[in-house]
Amino acid sequence: MRLVMVRHGVTDFTTAGKLDGRGGPDPSLNSEGRRQAEAAGVRVRAFIEDNAARVITSSMNRAIETGAAIADALCVRAEVDPDWDEQNFGDWDNESVDVLAARHPQEFLRFREDLHYLRPGGEAHVDLQARVLAAFVRAATAGGTVVVVSHRKPIVTVLSHLLGIPYDRIWRMATAPASLTCVEVSAGGGASVAFVNDTNHLR
């Protein structure tokens, strides 16, 4: 099977560099994000033979809206799987990443290096990893081509699992808004990463 992971288009939070995870404000796409979603739909349609694919989105507004544009391009109905949601950042939701790094350097470093670190009311990466990889297995065993519209951390979580990349290095992988990343899974369960962070359709 082939899994095409699409990061959602931009929101005002994305452009402001703010965290917005599961349980956060959950904004919709802005005008640029809607343009990106439509462009991603055109790119996915051109990439997939016969337009035959399932489309799955996280339960967050920006992913649902991006997924709707892609599903429309493929003439299918999108499905929602909350296990593809972004991490819950707890009391750091709605905060600027730059401000957090400047005001709380030690905590921010732990957030980026410790699988088990979590903010009050939030979710540790190890818990996000468990639900995302369960969702990945469900998608992979479905066969055919599956398009998943999700978020940065879920996408790099799948990539780091397949490539054996330690948690403290996942931040080195680029997954721009509305980018496409493709994973191919063989019948025997082996997997390879075909490409990462394709943004040609946005230029």
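At the listed q of 0.22, 0.23, 0.30 Å⁻¹, the Debye profile of the stretch 24-77, built from one uniform point per Cα, gives log10 I(q)/I(0) equal to -0.77, -0.82, -1.17. What is the stretch 1-45 by shape, rounded, prolate or oblate, if you read a ≥ b ≥ c off the alpha carbon gyration tensor as root eigenvalues and call it rounded for a/c under 1.5, prolate for a/b larger than b/c, and oblate otherwise? It is oblate, given that a/c is not under 1.5 and a/b is not larger than b/c. Per residue, the average separation of C-alpha pairs within less than 8 Å and at least 6 apart gives the chain a relative contact order of 31 percent. Sorting 10-16, 20-26 by their mean Cβ neighbour count within 10 Å, with the most densely packed peptide first, gives 20-26, 10-16. Only one of [x] 20.7, 74; [y] 20.4, 66; [z] 16.1, 51 was calculated from the structure for Rg and Dmax of the Cα atoms in Å, and its label is [z]. Peptide packing: for 172-179, 152-159, the average count of neighbouring Cβ atoms within 10 Å per residue gives the ranking 152-159, 172-179, highest mean first.
Rounded to the nearest 0.05, the FRET efficiency derived from the C-beta distance between R110 and N197 at R0 = 30 Å is 0.70. A simple spin-label model places the labels of S31 and D50 4.1 nm from each other, with each point 7 Å out along Cα-to-Cβ. Per residue, the accessible area of the chain comes to 45 Å² when a 1.4 Å probe rolls over the protein heavy atoms. Subtracting the Cα-Cα distance of A134 and T15 from their residue separation scaled by 0.36 nm leaves 39.8 nm.
Helical content of the chain, expressed as a calculated mean residue ellipticity at 222 nm, amounts to -12500 deg cm²/dmol (DSSP H runs of 4 or more residues, -39,500 (n - 2.57) each, divided by residue number, nearest 500). Under Stokes-Einstein, with the Kirkwood radius over Cα pairs as Rh, the value for the stretch 10-117 at 4 °C and 1.567 mPa s is 85 µm²/s. Among beta bridges identified by DSSP and lying wholly in the chain, the antiparallel ones come to about 50 percent. On the chain, 49 percent of the accessible area sits on carbon and sulfur atoms, based on a 1.4 Å probe.
The values are calculated or read from the model by the stated rules, or taken from the named source; none is laboratory data. Please read all numbers here as calculations on a predicted model, not as lab measurements. Ideal geometry is used to build each Cβ from the backbone, glycine not excepted, and the neighbour counts take in all protein chains shown. Surface areas here come from the heavy atoms of the whole protein model, side chains and all, with no ligands, DNA or RNA. Shrake-Rupley method; radii C 1.70, N 1.55, O 1.52, S 1.80 Å.
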